[in-house]
Amino acid sequence: MRVLVVGATGFIGQRLVRALNDAGHHVVAFSRSASEESFPEGVEPFDGDLGDPDSLSGLCEGVDAAYYLIHSLTADNFAELDREYARRFSEIASDDGVDRVVYLSGISGDEENLSPHLASRREVESVLAEGSYDLTVLRAAVIIGAESASFRILNDLTDRLPLMLVPKWVRTPCQPIGVRDAISYLVAVLEADETRGETYDIGGPSVWSYESLLKLTAREKGKRVFIVPVPVMTPALSSHWLRLTTDVQYAIARPLAESMRNPVTVDPELDLQTVVPIDQTPIEEAVREALVSA
Ligand SMILES: NC(=O)c1ccc[n+]([C@@H]2O[C@H](COP(=O)([O-])OP(=O)(O)OC[C@H]3O[C@@H](n4cnc5c(N)ncnc54)[C@H](OP(=O)(O)O)[C@@H]3O)[C@@H](O)[C@H]2O)c1
């Protein structure tokens, strides 16, 4: 199958390109920085910018299936850009007769009161759903891996702050997933025709909170952290606090921190594990692996 990965140089994209290549697909790897050196032999790089229509000519030609892994969180107007990019991609994919598109979105939990980041992920789902291909949406919470922005925040915080005064949302339930499992699910849906046109949640085998994830990350590094939730800490204050405590670009850390108020656990009725079962990695193991390559 000729498979296009849109966002191929990112945290998920790089791993997905390798996995699809290993599975015997002909992979076209697209981003603004795609070059032959970035990918294994046989992968076809496609350098272009979703913000520049002229650079997209031929992007979906002959493509059977595409993965959409784009977000623009570094921009203030990320929701507007992500809407525009998704619409542009959807039109090109539809015009060129792409059969399937798989989009990796965010678990939103409570549909009311979504953070701007999670609301934007949802909006991209609706925009992509307008295309003529079969769309499969996989929604994940925090994906654990060395280059994941969310995991890097956990790692930096536990390195730098033995005592943390944190917003009360640190106790919000979340169901992270190890990056290996996320890639396994992404690859598996391509072989599973029953996942066409469907939306699923993907997660690890257990529910955590940001507090327990921080403690786990510290423990795996042989450290202890003391975490004190403070009810009066506002979203603005807590994101400024992140500016001082993590190397993750503030523009990315801020919307991720704002999303911490939304519970992000797998809805049992949408759990992909019941349709495409994989051997799930315990989160303790995923954190250990991420720390080794961090
Ligand atoms: N990481 C997580 O924990 C997590 C959790 C849940 C859901 N997700 C979702 O998973 C997807 C992938 O996330 P990620 O963590 O892999 O993101 P990432 O590391 O930031 O990768 C984003 C990719 O998109 C490309 N890109 C961005 N703007 C582009 C443009 N205008 N034109 C062409 N390419 C562009 C980037 O490459 P260039 O900058 O080189 O162009 C990069 O390859 C996103 O939809 C995200 O919402 C991630």
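Kindly establish whether Val170 is in contact with a Phe, Trp or Tyr (Cβ under 9 Å, 6 or more places away or on another chain), more than 16 Å from the ligand (Cβ to nearest atom) and β-branched (Val, Ile, Thr). So Val170 fits the description; yes. Applying the criterion of being of a type in the set (A, V, I, L, M) and closer than 24 Å to His71 by Cα to the residues of the stretch 206-243, the residue that is modelled with the highest pLDDT is Leu242.
The set of residues from the stretch 89-110 being of a type in the set (A, V, I, L, M) and touching a Phe, Trp or Tyr at 6+ places or on another chain (Cβ under 8 Å) comprises Ala93, Val98, Val101, Val102, Leu104. Filtered by the rule that a residue be touching an Asp or Glu at 6+ places or on another chain (Cβ under 7 Å) and within 9 Å of the ligand (Cβ to nearest atom), the stretch 121-157 gives Val124, Arg139. Would you call Glu258 modelled with pLDDT of 95 or more, over 22 Å from Arg15 (Cβ atoms), charged (D, E, K, R) and under 19 Å from the mean Cα position of the chain (by Cα)? So Glu258 does not fit the description; no. May I ask you to verify whether Val17 is among the β-branched types (Val, Ile, Thr), in contact (Cβ under 8 Å) with a residue 24 or more places away in the chain, more than 8 Å from the ligand (Cβ to nearest atom) and more than 25 Å from Leu256 (Cβ to Cβ)? No: the conditions fail for Val17. Would you confirm, using the coordinates I've provided, whether Glu80 is free of Cβ contacts under 8 Å to residues at least 12 places away in the same chain and not in a helix (DSSP H, G or I)? Answer is no for this residue. Among the residues of the stretch 173-197, those identified as within 18 Å of the chain's Cα centre (by Cα) and of a type in the set (D, E, K, R) are Arg180, Asp181.
Could you tell me whether Phe78 is within 13 Å of the ligand (Cβ to nearest atom) and closer than 24 Å to Ala251 by Cα? It is true that Phe78 is within 13 Å of the ligand (Cβ to nearest atom) and closer than 24 Å to Ala251 by Cα.
The values are calculated or read from the model by the stated rules, or taken from the named source; none is laboratory data. In this text the structure is predicted, and so the values were computed from the model without any measurement. As a convention, Cβ positions derive from the backbone with ideal geometry for all residues, glycine included, and neighbour counts pool all protein chains shown.
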